[in-house]
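In what follows, a single structure is set out as structure tokens and then discussed.
The values are calculated or read from the model by the stated rules, or taken from the named source; none is laboratory data. Keep in mind that this is a model prediction, so the values were computed, not measured. Neighbour counts run over all protein chains shown; Cβ positions are idealised from the backbone, glycine included. With ligands, DNA and RNA removed, areas are computed over all heavy atoms of the protein, side chains included. Shrake-Rupley method; radii C 1.70, N 1.55, O 1.52, S 1.80 Å.
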Amino acid sequence: MPTGFDAEKVRADFPVLQQFVNGKPLVYLDNGATSQKPQAVIDEIVRYYTTENANVHRGVHTLSQQATDDYEGARAKLRRLLNAADDQEIIYTRGTTEGINLVAHSYGRPNIGPGDEIIISNMEHHSNIVPWQMLCEEKGAVLRVIPIDDTGELLMDEYEAMLNPRTKLVSITHVSNALGTIQPVEQIIEMAHAHGAPVLLDGAQAVPHLPVDVRQLDCDFYVFSGHKLFGPTGTGVLYGKAELLDAMPPMYGGGEMIKSVTFEKTIYNDLPYKFEAGTPNIAGAIGLGAAVDYVQSVGYQAFGPYEDELLEYGTKALSSIGGLRIIGTSPRKTGILSFVIDNIHPHDIGTILDAEGIAVRTGHHCAQPVMQRFQIPATARASLAMYNTKADIDALVRGIDRVIEVFS
Ligand SMILES: *Cc1c(COP(=O)(O)O)cnc(C)c1O
């Protein structure tokens, strides 16, 4: 049933989308790599640099106080977005990658030792694989990987069998960037907690599509990137339960993260500042706050069902193309249409689509193990956002028809 969502109205808020690329109206279907920015976010960054720029938490002067208010105000918006209990549980990061590395460093190093086990899945982004491999190598710990089935869903029985008293952390993507699968995260968390293991969720592909409530989920850590949520690059959030974050040592030392410094002893600052050494990305954080405002003004309850409708429309349209196979066919999906076409390399698909003004991602999507699982080197991936339309999907289908024509 059509949802009545006005995607054209949303689209009008995104200046980048109002252009021609290679002589064709831009069809942007690479939102899984990064999303476009609404005018409200761009304006907020310009406003900050034009009228307010100053360092935060330092000066008594007016601009510094205004900058601090806005920087901390954005943190409160992010706390509300995730329904965290307290602003001190919201740590600014440069993105998902830094958030995971921070947890691997500051939680992993003190708590994971020889023979301990960390569980991830077969459909993780490299940023939720490599930091754990590095930690395992350093500590003599073991990385265990939950296998997936042919539709791209976790084999939950295998997961259950993996959990044991040596399990010290479970780190799983909330939504797969390569397949679009929405993981049964409530169940994953419950099962891990039953074995005393905390859970980190990689929310990079979830937050742009689904409302996330970290307290309802009861996850221990949650990370995402601002740039995939219509915010600036170089921004992101690590949510952690206060009692866990409190017990963790900082990752970086420097200004801002200290209460007092002598050559004998440094007293670390309180949360969240303990994890925010140095001058932060102030403009980025404030821009991300504006992105949160924007997303909430459109409303998950409005664009969520619309995106589902669009995904279903796209799935049907692509499925009807001869020789095309969708990779990732779980009924629980959001935002992602990965596909391969018989005898045509994904790179060639991407190149021909680009000539038609259509932006998709081709390659392994920083998830090589999932490609190996499906025995393919790469896919082409169309990834959706709230501003995409059925007309974008129709253009994609025409573009793919063109690709097949060229190679036949
Ligand atoms: C994009 C992405 C990341 C990495 O995010 P960065 O912004 O590059 O740090 C990690 N996990 C998933 C699922 C992603 O989609």
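List of remarks:
- Residues of segment 292-329 satisfying the condition of being open to solvent by 10 Å² or more (accessible area, probe 1.4 Å) and part of a loop (DSSP other than H, G, I, E, B): S320, I321, G322, G323, T329
- Of all residues in segment 43-53 being surrounded by 17 or more Cβ atoms within 10 Å (Cβ to Cβ) and in contact (Cβ under 8 Å) with a residue 24 or more places away in the chain, the one that is nearest to the ligand (Cβ to nearest atom): I45
- Filter result for I393 (in the same structural domain as N22 (by TED's automatic domain parsing) and farther than 29 Å from T233 by Cβ): no
- Scanning segment 388-408 for residues that are surrounded by 24 or more Cβ atoms within 10 Å (Cβ to Cβ) and either out of contact with any strand residue (DSSP E or B) (no Cβ under 9 Å at 6 or more places or on another chain) or not in a helix (DSSP H, G or I) (or both) yields a single hit, N388.
- Just one residue in the set L154, L201 is within 15 Å of the ligand (Cβ to nearest atom), free of Cβ contacts under 8 Å to residues at least 60 places away in the same chain and closer than 22 Å to F374 by Cβ; that residue is L154.
- Put simply, of I188, I172, I148 the only residue that is farther than 18 Å from L244 by Cβ and either within 11 Å of the ligand (Cβ to nearest atom) or modelled with pLDDT of 95 or more (or both) is I148.
- Looking across S383, S320, S330, S338, one residue alone is among the small types (G, A, S) and farther than 30 Å from L81 by Cα. It is S320.
- Picking from residues in segment 204-227 that are buried (at least 24 other Cβ atoms within 10 Å of the Cβ) and within 23 Å of A247 (Cα to Cα), the one that is farthest from the ligand (Cβ to nearest atom) is D220.
- Count of residues meeting criterion [over 15 Å from P280 (Cβ atoms) and open to solvent by less than 30 Å² (accessible area, probe 1.4 Å)] in segment 60-100: 7
- Residue, nearest to F407 (Cα to Cα), within segment 332-353, restricted to residues that are outside any strand (DSSP E or B) and touching a residue at least 60 places away in the same chain (Cβ under 8 Å): N343
- The lone exception for V130 - which of (1) open to solvent by less than 40 Å² (accessible area, probe 1.4 Å); (2) without any contact (Cβ under 8 Å) to a residue 40 or more places away in the chain it fails: (1)
- Condition met for A178 (more than 17 Å from D116 (Cα to Cα) and either open to solvent by less than 10 Å² (accessible area, probe 1.4 Å) or among the basic types (K, R) (or both)): yes
- Subset tally (residues that are open to solvent by 30 Å² or more (accessible area, probe 1.4 Å) and more than 27 Å from D202 (Cβ to Cβ)) for segment 14-39: 10
One line per residue, one yes/no per condition, for (1) at pLDDT 95 or above; (2) touching a helix residue (DSSP H, G or I) at 6+ places or on another chain (Cβ under 7 Å):
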position	(1), (2)
V212	yes, yes
F230	yes, yes
S260	no, no
A277	yes, no
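- Cβ-Cβ distances below 6 Å connect the following pairs, each with a first residue in segment 64-81 that is closer than 16 Å to N53 by Cβ, a second residue that is among the charged types (D, E, K, R), and a separation of six or more residues or different chains: S64/R58; Q66/E52; A67/E52.
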